[in-house]
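Only one structure is covered here, and it is reproduced in the block below.
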Amino acid sequence: MERSFEELVAEAEAVSVAGWDFSWLDGRATEQRPSWGYQRLMGERLARASAALDIQTGGGEVLAGAGALPPLMVATESWPPNVARATALLHPLGAVVVADEDEPPLPFGDAAFDLVTSRHPVTVWWAEIARVLRPGGVYLSQQVGPSSVFELVEYFLGPQPEEVRRARHPEDARRDAEAAGLEVVDLRHETLRTEFFDIGAVVYFLRKVVWMVPGFTVEQYRERLRELDRRIRREGAFVAHTTRFLIEARKPVV
């Protein structure tokens with residue numbers, strides 16, 4: 001029997017959004033993955049590292065699945081529920097989780113790491129990354145690109161100005177990395193298909209990825225959600241497009 005709008009929304013409002021695991025969306029939404037395979041690349045770099053830092057680790061799921069960790073492995077996270085989740089997941093693997101507010105400075109000394117990683121960072125403090133990297137050290141990151149899932153964003157917020165649509169452009173990341181003294185050795189960008197198959201998936205996604213529609217609540221957007229629910233039932237899915245870029249930058253050896 002087809003579930004009602006109210007049932008789907010109530011379920012999505014009640015489920016926990018702690019951590020960075022999206023398995024609740026299995027069968028309810030799909031997201032095409034970038035061709036480069038970030039977790040695999042991360043694992044290859046970790047296997048060669050002696051001391052590594054994963055910034056904004058979320059619940060630690062990506063790092064935990066990347067393979068063997070180096071002798072010294074540290075992860076930072078700012079949101080208390082994720083700090084607890086990452087600690088429980090990563091400590092048995094030999095990684096230390098540090099609660100950090102994601103504001104400069106990073107709580108580490110100069111040249112502390114030969115590898116720094118970050119998947120989908122909210123902010124990137126390039127000067128701090130350069131500071132904590134050893135000469136010859138590498139920063140590897142997969143980041144959200146410009147206008148990502150903006151079909152969904154603009155459905156709720158309306159058309160966004162060009163400066164908002166262009167934010168997080170990979171060429172801006174290149175410029176900022178180079179300004180911090182790093183050499184960009186790889187920069188790739190892809191646009192990928194995302195589909196939401198029921199309105200509960202949309203509610204869960206917007207609760208979890210809070211910067212997409214800031215301050216999102218079901219009550220505030222209930223009528224727009226109802227309209228979107230009818231559209232999904234009619235068309236079978238709501239289609240949007242994510243953008244991702246991979247950046248790898250090296251600190252020069254002086």
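The values are calculated or read from the model by the stated rules, or taken from the named source; none is laboratory data. Just so we're clear, the structure is a prediction, and the values are computed from it rather than from any experiment. Virtual Cβ from ideal backbone geometry, glycine too; neighbours counted across all protein chains shown. Only protein heavy atoms, including side chains, enter the accessible area calculation; ligands, DNA and RNA are left aside. Shrake-Rupley method; radii C 1.70, N 1.55, O 1.52, S 1.80 Å.
Here are the numbers for this structure:
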{"item": "Choice from SER141, SER16, SER118 with maximal GNM fluctuation in the chain (Cα, 10 Å cutoff)", "result": "SER16"}
{"item": "Highest-fluctuation residue, VAL185, VAL98, VAL116 considered, GNM on the chain with Cα pairs under 10 Å", "result": "VAL185"}
{"item": "Surface/4 of the Cα convex hull for the stretch 1-101, nm²", "result": "8.2"}
{"item": "Options LEU115, LEU63, HIS169, ranked by Cα towards positive dipole end of the stretch 61-186, top entry (Cβ charges)", "result": "LEU63"}
{"item": "Karplus-derived HN-Hα couplings along the stretch 80-93 (A = 6.51, B = -1.76, C = 1.60, θ = phi - 60°), whole Hz, x at Gly and Pro", "result": "x, x, 6, 4, 5, 5, 5, 4, 5, 7, 8, 4, x, 8"}
{"item": "At 1.002 mPa s and 20 °C, Stokes D of the stretch 118-254 from Kirkwood alpha-carbon radius, µm² per second", "result": "128"}
{"item": "Length-normalised contact order for the chain - Cα pairs under 8 Å, 6+ apart - percent", "result": "24"}
{"item": "Estimated 222 nm signal from helices in the chain, with DSSP H stretches of n ≥ 4 weighted -39500 (n - 2.57), rounded to 500", "result": "-10000 deg cm²/dmol"}
{"item": "Accessible surface of the stretch 39-144, 1.4 Å probe, proportion on carbon and sulfur as whole %", "result": "61"}
{"item": "For SER148, residues with placed amide H under 5 Å, excluding near neighbours", "result": "THR243"}
{"item": "3J(HN,Hα) from dihedral phi, the stretch 2-9, Karplus parametrisation 6.51/-1.76/1.60, rounded to Hz, x for glycine, proline", "result": "5, 7, 7, 3, 4, 5, 5, 5"}
{"item": "Three-way shape call for the stretch 182-247 based on the alpha-carbon gyration tensor, with the a/c threshold at 1.5", "result": "oblate"}
{"item": "Per residue accessible area of the chain, 1.4 Å probe, in Å²", "result": "46"}
{"item": "Cα-based helix-to-principal-axis angle, 170-179 vs the chain, degrees rounded to 10", "result": "30"}
{"item": "As computed over the chain, the Cα convex hull volume per residue (Å³)", "result": "130"}
{"item": "If the convex hull is drawn through the Cα atoms of the stretch 14-53, its volume per residue in Å³", "result": "97"}
{"item": "Residues whose placed amide H lies under 5 Å from that of GLY137, excluding near-sequence neighbours", "result": "LYS251"}
{"item": "Sequence-separation-based contact order of the stretch 71-188, relative, with Cα cut under 8 Å and 6+ spacing, percent", "result": "18"}
